[in-house]
Amino acid sequence: MPKDRFKTRLEIAKNKILKKSTVSNQSSSSKLGAALKLSTEMVAAVVVGTIIGFILDNWFGTKPWLILMFFFVGVIAGILNVVRSAKDMQYKD
Amino acid sequence: MAINPMHQFNIYRIGPEIKLGEVDISFTNSSLFMVISSLAILILFNLGTKKNYLIPNKIQLLAELSYGFISKMISDTAGSKAKPYFAFIFSLFMFVLFCNMIGMIPYSFTVTSHIIVTFVLAAFIFIGVTIIGFIKHGVGYLKLFVPSGVPLVLMPLIVIIEIISYLSRPVSLSVRLFANMMAGHTMMKVFGGFVISLGIVGGWLPLSFSVALTGLEILVAFLQAYVFAILTCIYLNDALNLHH
């Protein structure tokens, strides 16, 4: 029966596509994107932490202390960001 | 004349000066290239979707490919709940991609090499995602800043760290795109300047570098648009499916 044969062939082809899409889910370009992502993640948190410290210092008039504290909190947040996105990448693979 | 490698980033006014109160809203070369990229996207998709051939021609294929690419990216990273936001992410990706790619044409202007442009895009995404999160989860969205299983003593410090990490999202998003575009274009200009100053004898080495860099820059232009869109999806995913 030609119709039956067509159905089985369709089934085989569909399975092939399914397998392909699950195997090559992560293309090489998205891996490169992930690598570029990590570098700025760290810097941004430090910058934001320092800016918050600067603003709060101006508010409360405690000139050097809050900016110092928030700088280090920013560094911690940056490391946390990097670890987190690295973990996300591991899950995907 | 344009030996200075930063000269390409100059913004100048085209046409008359327009002022809205104190703010200068004149039409600049930056606005011109934004209009050009938007028009290019409109033309591409108008041509691509005008006649729906069963066997697509080249432009239709391009339009369908980009649609499928973004649609797959959204369902992979943010799940089916993010489908209503397809239009926003698609236009965002297309705009950034076209701005980057049109910037690769010699004598053109790269809109995304200015941090104010990328920061406005990122801030828009950040505010939008935060509003979506509060609409979907109410006050429960603040749970994002309070990870479960943390001892009470450490809680204030952890909450501050989480808030800084959340606020750093638009900064990292915008700085990444802007820095990549600006660094790449400056590098290309510097090598181009070497070709001129070394002349016909020694200019061949920087010229070959320039050619290689052009290829690299086209890759970076695509990749940065992709990263911008995929990070938007990830932030949207955080707002829609609240979990840690």
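Scanning residues 5 or more positions from B:THR28 or on other chains, those with amide H under 5 Å from its amide H are B:ILE14, with H placed 1.01 Å from N in the peptide plane. Residues in the range B:213-229 carry Karplus couplings, in order, of 5, 4, x, 4, 5, 5, 4, 5, 4, 5, 4, 5, 5, 5, 5, 4, 5 Hz; the curve used is 6.51 cos²θ - 1.76 cosθ + 1.60 with θ = phi - 60°, and Gly or Pro positions show x. The length gained on full extension between B:SER38 and B:VAL190, counted as 0.36 nm times the residue separation minus their Cα-Cα distance, comes to 51.8 nm.
Taking Cα atoms only, the orientation of helix B:29-50 departs from the longest principal axis of chain B by about 80 degrees.
Relative to the longest principal axis of chain B, what angle (0 to 90°, nearest 10) does the C-alpha long axis of helix B:86-103 take? Helix B:86-103 and the main axis of chain B meet at about 20 degrees. Which one, B:ALA221, A:PHE54, B:PHE126, projects farthest toward the positive side of the charge dipole computed for the protein assembly as shown from Cβ point charges (K/R +1, D/E -1)? The listed residue farthest towards the positive side: B:ALA221.
Computed 3J(HN,Hα) for the range B:166-180, one whole-Hz value per residue from the Karplus formula 6.51 cos²θ - 1.76 cosθ + 1.60 where θ = phi - 60°, is 5, 5, 6, 4, x, 5, 5, 4, 6, 5, 4, 5, 5, 5, 5, glycine and proline marked x.
Dipole check for chain B: with +1 at the C-beta of Lys and Arg, -1 at the C-beta of Asp and Glu, and the Cα centre as origin, the magnitude is about 480 Debye.
Buried surface for the A/B pair, taken as the accessible area of each chain alone minus that of the pair with a 1.4 Å probe, is close to 1900 Å² in total.
Over chain B, the reciprocal of the mean inverse Cα-Cα separation, the Kirkwood hydrodynamic radius, stands at 20.7 Å.
Taken one residue at a time, the phi angles of the range A:53-65 give Karplus couplings (6.51, -1.76, 1.60, θ = phi - 60°) of x, 4, 5, 5, 4, 5, 5, 8, x, 10, 2, x, 7 Hz. Gly and Pro are set to x. Note that the range B:102-141, at 4 °C in a medium of 1.567 mPa s, gets a Stokes-Einstein diffusion coefficient of 106 µm²/s from its Kirkwood radius over C-alpha pairs. Using a probe of 1.4 angstrom and keeping all protein chains present, the accessible surface of the range B:1-150 works out to 61 square angstrom per residue. Annotation: for a label point projected 7 angstrom from Cα along Cα→Cβ of B:ASN241, residues of the range B:135-156 with backbone N closer than 18 Å are B:136-137, B:141, B:144. Taking all protein chains together, B:PHE95, B:PHE228 sort by accessible area into B:PHE95, B:PHE228, largest first [probe 1.4 Å].
Pairs from the table (A:LYS37/A:LYS87; A:LYS3/B:LYS51; A:LYS14/B:LYS136; A:LYS16/B:LYS81; A:LYS87/B:LYS72; B:LYS58/B:LYS83) lying more than 25 angstrom apart at Cα are A:LYS3/B:LYS51; A:LYS14/B:LYS136; A:LYS16/B:LYS81; B:LYS58/B:LYS83. If one computes P(r) from the Cα atoms of the protein assembly as shown, what percent of pairs lie at distances over 37 Å? Tail of P(r) above 37 Å: 31 percent of Cα pairs. Computing FRET efficiency as 1/(1 + (r/R0)^6) for A:SER85 and B:ASN10, where r is the C-beta to C-beta distance and R0 is 45 Å, gives about 0.80.
The values are calculated or read from the model by the stated rules, or taken from the named source; none is laboratory data. Values in this document were obtained by computation on a predicted structure and should not be read as measured data. We place every Cβ from the backbone using ideal geometry, glycine too, and count neighbours over all the protein chains shown. These area figures cover heavy atoms from the full protein model, side chains too; ligands, DNA and RNA do not enter into them. Shrake-Rupley method; radii C 1.70, N 1.55, O 1.52, S 1.80 Å.
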